[in-house]
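The values are calculated or read from the model by the stated rules, or taken from the named source; none is laboratory data. All figures in this text were calculated on a predicted structure; none of them were measured in a lab. Cβ atoms come from the backbone with ideal geometry, glycine included; neighbour counts cover every protein chain shown. Note: accessible area is taken over every heavy atom of the protein model, side chains too, but ligands, DNA and RNA are not part of it. Shrake-Rupley method; radii C 1.70, N 1.55, O 1.52, S 1.80 Å.
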Amino acid sequence: MRVLLADAIHPSTIDVLTDRGHDCVSDPKLSADDLPERIAGFEALVVRSTKVTAATIEAADALELIVRAGAGTNTIDVEAASEVGIYVTNVPGRNAIAVAELTLGLLLAIDRRIADNVADLRTGSWNKTSYSKADGLFGKVMGIVGLGEIGFAVAERATAFGLRVQAIRKDRDEATEERLKALDIELVDSLEDLVETSDIVSIHVPATSETESMFDARLLGRMKEGAILLNTSRGDIVDEPALLDALETRALRAGLDVYPDEPGSGETAWSSKLAQHPNVVGTHHIGASTAQAQKAVAEGVVEIVDAFVRGDILNCVNLAPTRLGTHTLHVRHLDRVGVLAGVFDILRRRELNVEQMENRVFEGRNAAVATIDVVGDVGPDLIAALEALDHVIHVSAVPTERGAS
């Protein structure tokens, strides 16, 4: 398989994929504008921050798989990929520790004014009187918005500093509930309750239409006077004008690794009123940029490509949910040439659209079962027609929730 790596990826990715027999081309200087002219002939595309636009999707003549070497897929036109049947996958959780470490680093830098300390020392200024006035973190309340792997990694480190951690109450699986209890995370009923009762608020949610400008003037206005806001997630989750106003009028302090209008390239001139505000400690969207994290993400990229070659899709974000049809057919048959062709011919003639299907072969390679989701009328006559086919052993039909409603 031909693989284009359009960002700087850990070298082990290329080494392992090449050893697997893949033709890998690394071109980390590619931009979103360059990709449409470069994508032809490649079956897989691996990106980190480089945007994959609809123009790239349209120009791709062989592309089957896009891998985001990280968690968020907001830089990829997922809708355009879905329209032409290209899998979009990601590598979630592998950089959680790196992002959590930076989050705590920003918090410490704000409380102890580390960046200002360093700046003054480098210009020959000694000001121990001013810099000795830190609050300290022990016993403060940190509200975490988004308890995924990163959120939990932040919670683990925050509790080690003696912070009391709280999150929003919602339905969670049993394993997650156990992690909540183990860390003694307190639960509140709403996001409003969380920001009103937290000294520190740390954001760890993905960029979606629902989270865009989640932290607007109304929500920021509910935060405590002088509270700390940490955002190592995505820039557009926080409304920039509203945050600038809160920094000025409510003495909020912010630790930011992401910005709404941040540059898409690795090095460039950039001026930002938010990033340059004296109440902000900022970094250059480097949350996941540790050698440890990049190696872990590289391993995740290889796992996705390996699975794709086997016919499995890991961490796909644009497949429709299962059970789309009105009925699920289970066709038990002998593993012979032409059996499924006969099944699909009957379905076609009866105008039953196949939404999803899977055919699994049993040990010994004599028998198999095809599981087929169809849309349309399924009755005894269809079952009889399918069972009349050569080498079909048995057919059953089960209504899905859509079919039963």
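Of the solvent-accessible surface of the stretch 49-173, computed with a 1.4 Å probe and all protein chains present, 50% belongs to carbon and sulfur.
Note on the chain: dipole from Cβ charges, positive end direction compared against Gly136, Val67, Val99; the farthest Cα belongs to Gly136. Summing Cβ point charges (Lys, Arg +1; Asp, Glu -1) relative to the Cα centre of the stretch 270-401 gives a dipole of roughly 440 debye. Of the trypsin sites (Lys or Arg not before Pro) in the stretch 1-66, the ones in a loop by DSSP (not H, G, I, E or B) with at most 15 other beta carbons within 10 Å are Arg20, Lys29. Of the trypsin sites (Lys or Arg not before Pro) found in the stretch 144-195, the ones in coil according to DSSP and having at most 11 other Cβ atoms within 10 Å of their Cβ are Lys170. Diffusion coefficient (Stokes-Einstein, Kirkwood radius over C-alpha pairs, 10 °C, 1.306 mPa s) for the stretch 247-347: 80 µm²/s, rounded to a whole number. Each 5 Å bin from zero holds the following percent of Cα-Cα pairs in the stretch 30-183: 2, 8, 13, 13, 10, 9, 11, 11, 10, 7, 4, 2, 0.
A DSSP coil position with no more than 11 other Cβ atoms inside 10 Å describes none of the GluC sites (Glu not before Pro) in the stretch 50-125.
Per the Cauchy relation, a quarter of the hull surface: what is the mean projected area of the convex hull of the alpha carbons in the stretch 203-245, in nm²? Directional mean of the projected Cα hull area for the stretch 203-245 stands at 2.9 nm².
Placing unit charges on the Cβ atoms of the charged side chains and taking the dipole of the stretch 271-347 about its Cα centre, the candidate lying farthest along the positive direction among Ala296, Ser272, Gly338 is Ser272.
Debye calculation, C-alpha points only, no solvent: report log10 I(q)/I(0) for the stretch 275-405 at q = 0.11, 0.18, 0.23 Å⁻¹, in the same order as the q values. One equal scatterer on each Cα of the stretch 275-405 leads to -0.57, -1.03, -1.32. Percent of C-alpha pairs per 10 Å bin in the chain, short distances first: 4, 18, 23, 22, 17, 9, 4, 2, 0, 0. Return a single number: how many Lys pairs in the chain, at a sequence separation of 8 or more or on separate chains, have alpha-carbon atoms below 22 angstrom apart. Lysine pairs meeting both conditions in the chain amount to 7.
Taken as Cα centroids, the stretch 184-251 and the stretch 346-393 sit 52 Å apart, rounded to the nearest whole angstrom.
Dividing the helix sum by the residues of the chain, where each DSSP H run of 4 or more adds -39500 (n - 2.57), gives a mean residue ellipticity at 222 nm of -9500 deg cm²/dmol.
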